[in-house]
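Student: I have a structure I would like to understand better, so I am pasting it below and will then ask my questions one at a time.
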Amino acid sequence: MSQKINAAIVGTGFIGPAHLEALRRIPNIEVIGLVEVTQELADEKATLLGIPKAYTFEEMLKDSDIDVVHICTPNFLHYPQTKAVLEAGKHVICEKPLAVKIDEAEELVALAAEKGLVNAVHFNLRYYPMVRQMKTMREKGELGEVYSIMGSYLQDWLFLKTDYNWRLEPDKSGDSRAIADIGSHLLDITEYVTGLKITEVLADFSTVHKTRLKPLKDIETYSGKMLSMDDYEEVPINTEDHATVLLRFDNGSKGSITVSQVNAGRKNRLNIEIAGSKSNFEFNSERPNELWIGKRETANGHLMKDPALFHPEASALISFPGGHNEGFPDTSKQMFKEVYAAVREGKQPDSPSFPTFADGLRELIIGERIIDSNKSQSWVKV
Ligand code: SOE
């Protein structure tokens, strides 16, 4: 019988409960601790989510029963909390971004290595089985030489002037929003699938809503009540709702991405088209169990997620037979299975199959260069 691994989750807004659900689907892992900003809120959320221990962050660090900590708080807390957890000798899975500053991320990469602790960043969208299938097909020569990449990541949850969230506040989220929040997933998948490195960027941002209406109290307090203008404060917004970025890669190929959180009707749609010398791959995360395979000299292909049809490296991320669709929640389960296998070994693998703090640092560097390019309106080397 494998030894049980105990985990704690810090922050239970949107993604914390998603981490909890995923962990509860993996044998011999138990989420025994929940951390929130106050003991009272921790007690309330722990009762709601059925987690035995509720504490503040400092109290959790002292609990020797906790082996792994998931950091699921707003971005500005990732660095200090991850640093404290590593110093307490616990393994860390941190939500993206790893930090809001490059030097902070560099410090975390070095500290995790020095401590020999397992470290991962939740670039969970890599774990759609079709994404690893595309990577493996490319590695086996089925895509051919990469000619170009065209990507987009579109949402509409910030479409209205009254849509508000901590991600709109640079002091909590950092100087970039759409690129840092969802562009990072697309850029990570681009390098992961193609095996290429981005060498230069040319970026252009737009802030569609120059001001937004911030609720004066938590939305919950308004539940059931019609909001009026007195319930809002108009605040200036200086982070991007939309961004287009031209990309150059280390094999000389070119590409582009468009990222937006104000595209009506696009709920959470990462789309990537990778044109190769043998095939063309198109993947859409709102239809994640399908892959379009473009061909010039034969009929195009339409691969459905089916372990019997996948390369073994990718079928390892599939739990259900063909036609039994798997989606967003399954990505975290598949990722944590790989991370916790390393936790069971007690150390970071030499060549991790999962996204690590080094990948988190990589995305911060690319993100910073994109911010620099938008400011200078010129090409910037990565
Ligand atoms: C909001 O844009 C968000 O929750 C991101 O923060 C996640 O990383 C993404 O997976 C879904 O959308």
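Student: Which of Ser173, Ser332, Ser253 ends up with the largest GNM mean-square fluctuation for the chain, with Cα atoms connected below 10 Å?
Tutor: Looking only at Ser173, Ser332, Ser253, the largest GNM fluctuation is found for Ser253.
Student: Here's something else I'd like to know. Whole-Hz Karplus ³J(HN,Hα) for the stretch 159-164, in order, using 6.51 cos²θ - 1.76 cosθ + 1.60 and θ = phi - 60°, x for Gly and Pro?
Tutor: Result, ordered by residue: 5, 8, 4, 8, 6, 9 Hz.
Student: Just how far, in whole angstrom, is the stretch 26-51 from the stretch 245-297 if you go by their alpha carbon centroids?
Tutor: Their Cα centres are 38 Å away from one another.
Student: Quick one: among Ala314, Ala243, Ala299, which has the greatest mean-square fluctuation in a GNM of the chain with alpha-carbon springs under 10 angstrom?
Tutor: Judging by the Gaussian network model, the answer is Ala299.
Student: If a/c stays under 1.5 just call it rounded; otherwise compare a/b with b/c (prolate if a/b is bigger, oblate if not). Do that for the stretch 297-382, with a ≥ b ≥ c from the square roots of the Cα gyration tensor eigenvalues.
Tutor: On the way: a/c = 2.72, a/b = 1.36, b/c = 2.00.
Since a/c reaches 1.5 but b/c is at least a/b, the shape of the stretch 297-382 is classed as oblate.
Student: In the stretch 140-198, which trypsin sites (Lys or Arg not before Pro) are in a loop and have at most 16 other Cβ atoms within 10 Å, using DSSP for the loop call?
Tutor: Sparse-neighbourhood loop trypsin sites (Lys or Arg not before Pro): Lys140, Lys161, Lys197.
Student: Between rounded, prolate and oblate, where does the stretch 109-181 land on the alpha carbon gyration tensor, with a ≥ b ≥ c its root eigenvalues, rounded for a/c under 1.5, else prolate if a/b exceeds b/c?
Tutor: Here the stretch 109-181 falls in the oblate category.
Student: Continuing with this model, one more query. Could you pull out every residue, at least 5 positions away or on a different chain, whose amide H is within less than 5 Å of the one on Ala54? Hs are placed 1.01 Å off N in the peptide plane, and Pro or chain starts have none.
Tutor: Amide H to amide H, under 5 Å and 5 or more residues apart or across chains, Ala54 pairs with Leu34.
Student: Just to check I understand the Karplus step: with θ = phi - 60° and J = 6.51 cos²θ - 1.76 cosθ + 1.60, what whole-Hz values come out for the stretch 229-240, glycine and proline as x?
Tutor: 4, 5, 8, 10, 10, 7, 10, x, 10, 10, 10, 7
Student: When the chain is treated as a GNM, springs tying every alpha-carbon pair under 10 Å, which of Leu227, Leu158, Leu111 comes out with the largest mean-square fluctuation?
Tutor: Among Leu227, Leu158, Leu111, the largest mean-square fluctuation in the Gaussian network model of the chain belongs to Leu227.
Student: Given an 8 Å cut-off on Cα distances and at least 6 residues of separation, report the relative contact order of the chain as a percent.
Tutor: Dividing the mean separation by the residue count of the chain yields 20 percent.
Student: Got a sec to turn the phi values of the stretch 118-130 into Karplus ³J(HN,Hα) couplings, 6.51 cos²θ - 1.76 cosθ + 1.60 with θ = phi - 60°, whole Hz, x for Gly and Pro?
Tutor: 5, 9, 8, 10, 7, 7, 5, 5, 4, 9, 4, x, 5
Student: Further question: How many percent of the alpha carbon pairs in the chain exceed a separation of 40 Å?
Tutor: 14 percent
Student: Mean separation of Cα pairs under 8 Å and 6+ residues apart, divided by the residue count of the stretch 244-346: what relative contact order is that in percent? It would help to have the intermediate numbers written out before the result.
Tutor: Working: 111 pairs, mean separation 12.7, N = 103.
Here the relative contact order equals 12 percent.
Student: Next up: What number, rounded to the nearest 500 deg cm²/dmol, is the helix-based mean residue ellipticity at 222 nm of the chain, given -39500 (n - 2.57) per DSSP H run of at least four residues and division by all its residues?
Tutor: Numbers: 11 runs with 117 residues, N = 382.
It lands at -9000 deg cm²/dmol.
Student: Now a separate question. Using only the heavy atoms of the protein chains and a 1.4 Å probe, how would Asp188, Asp67 rank by accessible area, largest first?
Tutor: Asp67, Asp188
Student: Taking only protein heavy atoms and a 1.4 Å probe, what accessible area per residue, in Å², does the chain have with all protein chains in place?
Tutor: 44 Å²
Student: In what sequence, highest mean first, do 358-366, 55-63 appear when ranked by Cβ atoms within 10 angstrom?
Tutor: Numbers: 358-366: 22.2, 55-63: 16.6.
Highest to lowest by the protection proxy: 358-366, 55-63.
Student: Now for a different question. Based on the alpha-carbon gyration tensor of the stretch 225-339 and its eigenvalue square roots a ≥ b ≥ c, which shape applies: rounded if a/c is under 1.5, prolate if not and a/b is larger than b/c, or oblate?
Tutor: Here the stretch 225-339 falls in the oblate category.
Student: Same structure again: Sorted by average packing, counted as other Cβ atoms within 10 angstrom per residue and highest first, what order do 126-137, 316-327, 76-87 take?
Tutor: In decreasing order of mean packing, 126-137, 316-327, 76-87 become 126-137, 76-87, 316-327.
Student: Quick one: which of 259-266, 38-45, 91-98 comes out on top by average Cβ neighbours within 10 Å, and what's the full order, highest first?
Tutor: So the peptides 259-266, 38-45, 91-98, ranked by packing, come out 91-98, 259-266, 38-45.
Student: Add +1 for every Lys or Arg and -1 for every Asp or Glu among the other residues with Cβ under 14 Å from the Cβ of Thr331, and state the total.
Tutor: Around Thr331, the charge tally is 0.
Student: Now for a different question. How high is the relative contact order of the stretch 14-148, in percent, counting Cα pairs under 8 Å that sit 6 or more residues apart?
Tutor: On the way: 155 pairs, mean separation 20.6, N = 135.
Once normalised by length, the contact order is 15 percent.
Student: Can you list residues whose amide H is under 5 Å from Lys278's amide H, if they're 5+ apart or on another chain and H is modeled 1.01 Å from N?
Tutor: It is Gly144, Glu145, by chain and number.
Student: For Tyr232, Tyr153, give me the order by solvent-accessible area with a 1.4 Å probe, most accessible first, ignoring ligands, DNA and RNA.
Tutor: If we order Tyr232, Tyr153 from most to least accessible, we get Tyr232, Tyr153.
The values are calculated or read from the model by the stated rules, or taken from the named source; none is laboratory data. On a predicted model such as this, the values are computed, not experimentally measured, just so you know. Note: ideal-geometry Cβ built from the backbone for every residue, glycine included; neighbour counts use all protein chains shown. Side chains are part of the model used for accessible areas, which takes the heavy atoms of the whole protein and leaves out ligands, DNA and RNA. Shrake-Rupley method; radii C 1.70, N 1.55, O 1.52, S 1.80 Å.
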